[in-house]
Amino acid sequence: MTEHTTEQVTRQVDYARQAPDVYRAMLAFSGATAKGLDPVLAELVKIRASQINRCAFCLDMHTTDARKAGESEQRIYLLSAWEEVTGVYTDKERAALALTEAITVLTDGFVPDAVYARAAEHFDEQELSRLVGAIVAINAWNRFSVTFRPPLRGNA
């Protein structure tokens, strides 16, 4: 079990400066996955993965970006309980969120066939490939941020 303390270790590693080639590659990867994806759907996926990974920096960034893309407060607030609410998220969004959780958690060590099939019903192959890439990218960004804990954008 992970021990949590009230003190936060200051980690001032600026990975964009210390590993600029890695940072640029991550930006390019993230940008490539976003092409052709609905911006609101992409933000919902990024928020949900960031909730699971407990990434404060990414939650701050992507809830702000979701609002700018036109997302409602209600849908942002309910995202952590998306499976429990009806009529709030479309079937396509629900399939994307299920896939996000399966890829992010990997409880069984793989994405279950039923979850993949559900997503494949709502996305063409190219869009599904980009969605999976976007999920992989936000998980990578989450890992950078939960490791280095950069200040929130409003606190910089």
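The values are calculated or read from the model by the stated rules, or taken from the named source; none is laboratory data. Note that the structure is predicted; figures quoted are calculated from it, not measured. Note that each Cβ is placed from the backbone with ideal geometry, even for glycine, and that neighbours are counted across all protein chains shown. Side chains are part of the model used for accessible areas, which takes the heavy atoms of the whole protein and leaves out ligands, DNA and RNA. Shrake-Rupley method; radii C 1.70, N 1.55, O 1.52, S 1.80 Å.
What's the whole-number percent of alpha carbon pairs in region 1-133 lying beyond 22 angstrom?
44 percent
Can you give me the Rg/Rh ratio for region 71-155, using Cα atoms for both radii and the Kirkwood formula for Rh?
Answer for region 71-155: 1.01.
With charges only on Cβ, +1 for K and R and -1 for D and E, what is the dipole size of region 117-156 about its Cα centre, in debye, rounded to 20?
My answer is approximately 420 debye.
Would you rank T147, T33 by solvent-accessible area, highest first, keeping every protein chain in place and using a 1.4 Å probe? Walk me through the intermediate numbers first.
On the way: T147 70, T33 10 Å².
Sorted by accessible area, descending: T147, T33.
Given only helices, namely DSSP H runs of n ≥ 4 each adding -39500 (n - 2.57), what is the per-residue ellipticity at 222 nm of the chain, to the nearest 500 deg cm²/dmol?
-20500 deg cm²/dmol
Taking the Cα atoms of region 14-87, what is the range of coordinates along each of the three principal axes, in descending order and whole Å?
44, 27, 20
Please tell me the relative contact order of region 21-133 in percent, rounded to the nearest whole number, where contacts are Cα pairs under 8 Å and at least six residues apart.
33 percent
With +1 on the Cβ of every Lys and Arg and -1 on the Cβ of every Asp and Glu, and nothing else charged, how large is the dipole of region 50-137 about its Cα centre, in debye rounded to the nearest 20?
Roughly 280 debye for region 50-137.
Would you rank F29, F123, F110 by solvent-accessible area, highest first, keeping every protein chain in place and using a 1.4 Å probe?
Details: F29 80, F123 10, F110 120 Å².
The most accessible residue leads, giving F110, F29, F123.
Between 0 and 90 degrees, rounded to the nearest ten: what's the tilt of helix 39-52 against the longest Cα principal axis of the chain?
The angle comes out near 60 degrees.
Angle, helix 91-105 long axis vs. longest principal axis of the chain, Cα atoms, 0 to 90°, nearest 10?
Helix 91-105 sits at roughly 40 degrees to that axis.
Could you work out how far helix 56-68 tilts from the main Cα principal axis of the chain, as a 0 to 90 degree angle to the nearest 10?
The answer is roughly 50 degrees.
Evaluate the charge dipole of the chain about its Cα centre and quote only its size in Debye, nearest 20, assuming +1 on the Cβ of each Lys and Arg and -1 on the Cβ of each Asp and Glu.
Its charge dipole is roughly 620 debye.
Go through S72, S145 and list them by solvent-accessible area, largest first, probe radius 1.4 Å.
S72, S145
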